[in-house]
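J.: Here you go, one structure.
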Amino acid sequence: MKVAVSILSADFANAWEELKVIDSDVDYYHMDVMDGEFVPNISFGAHVIKCFRDKTTKKFDTHLMIRNPKKYIKDFVNAGSDMISFHLECDDDALEVIDEIHFYNKLAGIAIKPNTKVEELIPYLKKADYFLVMSVEPGFGGQKFMESSLDKIEKLAKWRQAEKLNYLISVDGGINDKTSKLVVDKGIDFAVVGSYLLDKKDPHKKMEILKNI
Ligand code: DX5
Ligand code: ZN
C-alpha cells in the first residue's frame, strides 16, 4: 500500500524534525487545507506548504477542504502541490475546478464526505485523476474510521476495471495497522495516514507495517 502522510497532526514548530525520520518511506505528503467554512476548523494555507517544499523531493497531495477551491488552485500549485483534491460538496463547479488544476498540469482529485453517495462521482470518472473517499467527517485528525467507506472504495475499483480506466483510489481518515488491511482488500491505491504515524511512538516501525500491507 502506498502511504500519504498527513502533516495535520504534526507539531508545527518542529514538524520537519518529526517527518524527516520517515521521509525515505513516504510516497506522498498529504496537506490538509481547511477554511473554517467548509469544515469547522482552520488549518493552514499555501505558505505552510511552500515551507515544506524545499525539505523533500516527495510529491505533495493537497486536500482542499474549502468552499471555493477554484480561485486558490494557482496559489497551491505555486506552493509546490503535485496533485490537488477538492470536495464534490464545495460551492464551485467540479468540472471547472478539474480544468483549472489540469491547466497547471497537476493531477486533479475529487474528495467525498461520508454522507455523499459514491454514485455522485460517476460523471467524473473519466475526468479526474484520483478520488479521495473520506472515512471520517472532514475537519480533524484522530477520528475513528467509518466502515461505510469500504463499499465506496469497492465500487470505484469495480467501475475502474469495468470501464478500463486508470484513476487512483485513496482513502482518508482513521487509517492504522488494522483499518489499512480493510481498505487494501477493497482495492485502494494509497491511504492517507496522520495521527497513527505522528504520535511520536516508533514511526519507522509503523511505516514498515503500513507499506507491507
Ligand atoms: C481530516 C483530514 C485527514 C486526517 C487524517 O479532515 O482530511 O487527512 O487529518 O488524519 P488521521 O489519520 O488522524 O485520521
Ligand atoms: Zn485529508
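The values are calculated or read from the model by the stated rules, or taken from the named source; none is laboratory data. These figures come from a predicted structure and were not determined experimentally. Counting neighbours? That spans all protein chains shown, and the Cβs are built from the backbone with ideal geometry, glycine included. Areas reflect the complete protein model, heavy atoms only, side chains present, ligands, DNA and RNA absent. Shrake-Rupley method; radii C 1.70, N 1.55, O 1.52, S 1.80 Å.
J.: Working only within the stretch 1-39, note down all residues that are within 12 Å of ligand 1 (Cβ to nearest atom) and modelled with pLDDT under 95.
T.: 9, 10
J.: Another question, if that's okay. I want to confirm something. Restricting to the stretch 61-94 and keeping residues that are of a type in the set (Phe, Trp, Tyr) and within 23 Å of residue 121 (Cα to Cα), which single residue is nearest to ligand 1 (Cβ to nearest atom)? Walk me through it before giving the result.
T.: If we filter the stretch 61-94 for residues that are of a type in the set (Phe, Trp, Tyr), which is where we start, we get 72, 76, 86.
Keeping just the survivors that are within 23 Å of residue 121 (Cα to Cα) gives 72, 86.
Values: 72: 17, 86: 12 Å.
Checked the stretch 61-94; the qualifying residue nearest to ligand 1 (Cβ to nearest atom) is 86.
J.: Further question: Just checking, which of 92, 35, 82 is touching a Leu at 6+ places or on another chain (Cβ under 8 Å) and not β-branched (Val, Ile, Thr)? Outline the logic, then answer.
T.: Numbers: 92 fails: touching a Leu at 6+ places or on another chain (Cβ under 8 Å); 35 fails: touching a Leu at 6+ places or on another chain (Cβ under 8 Å).
Exactly one residue qualifies, and that residue is 82.
J.: Which one is least open to solvent (accessible area, probe 1.4 Å), of the residues in the stretch 104-153 that are charged (D, E, K, R) and within 24 Å of residue 199 (Cβ to Cβ)?
T.: By that ranking, first place goes to 137.
J.: Determine the pairs where a residue that is among the hydroxyl-bearing types (Ser, Thr, Tyr), located within the stretch 179-204, has a partner that is open to solvent by 50 Å² or more (accessible area, probe 1.4 Å) with Cβ atoms under 6 Å apart, the partner being 6 or more residues away or on another chain.
T.: 195/142
J.: Does the stretch 157-178 hold any residues that are within 14 Å of residue 1 (Cβ to Cβ) and touching a residue at least 12 places away in the same chain (Cβ under 8 Å), and which are they? I'd like the intermediate steps shown before the answer.
T.: Restricting attention to the stretch 157-178, the residues satisfying the condition of being within 14 Å of residue 1 (Cβ to Cβ) are 157, 168-172, 175-178.
157, 168, 169, 170, 171, 172, 175, 176, 177 - these are the residues of the stretch 157-178 that are within 14 Å of residue 1 (Cβ to Cβ) and touching a residue at least 12 places away in the same chain (Cβ under 8 Å).
J.: While we're on this one: What's the number of the condition residue 142 fails, among (1) touching a strand residue (DSSP E or B) at 6+ places or on another chain (Cβ under 9 Å); (2) among the small types (Gly, Ala, Ser); (3) more than 19 Å from residue 108 (Cα to Cα); (4) touching a residue at least 60 places away in the same chain (Cβ under 8 Å)?
T.: (1)
J.: State which residue is most open to solvent (accessible area, probe 1.4 Å) when the search covers only the stretch 89-103 and only residues that are outside any helix (DSSP H, G or I) and out of contact with any Ser or Thr (no Cβ under 8 Å at 6 or more places or on another chain). Outline the logic, then answer.
T.: From the stretch 89-103, those outside any helix (DSSP H, G or I) are 89-93; that's our starting set.
Okay, now just the ones that are also out of contact with any Ser or Thr (no Cβ under 8 Å at 6 or more places or on another chain), so 90-93.
Details: 90: 15, 91: 99, 92: 35, 93: 78 Å².
Only one residue tops the list, namely 91.
J.: What are the residues in the stretch 183-200 that are within 14 Å of ligand 1 (Cβ to nearest atom) and surrounded by fewer than 21 Cβ atoms within 10 Å (Cβ to Cβ), if any?
T.: 195, 199, 200
J.: Would you confirm, using the coordinates I've provided, whether residue 164 is charged (D, E, K, R), surrounded by fewer than 23 Cβ atoms within 10 Å (Cβ to Cβ) and at pLDDT 95 or above? Break it down into steps so the answer makes sense when it comes.
T.: On the way: charged (D, E, K, R): yes; surrounded by fewer than 23 Cβ atoms within 10 Å (Cβ to Cβ): yes; at pLDDT 95 or above: yes.
Yes.
J.: Which of the residues belonging to the stretch 134-158 are under 20 Å from residue 89 (Cβ atoms) and away from ligand 1 (no atom under 11 Å from the Cβ)?
T.: Listed by number, the residues that qualify are 148, 149, 151, 152, 153, 155, 156.
J.: Here is a further query. Among the candidates 124, 130, which residue alone is within 13 Å of ligand 2 (Cβ to nearest atom) and within 17 Å of residue 84 (Cα to Cα)?
T.: Values: 124 fails: within 13 Å of ligand 2 (Cβ to nearest atom).
Step by step, each of 124, 130 is checked, and only 130 is within 13 Å of ligand 2 (Cβ to nearest atom) and within 17 Å of residue 84 (Cα to Cα).
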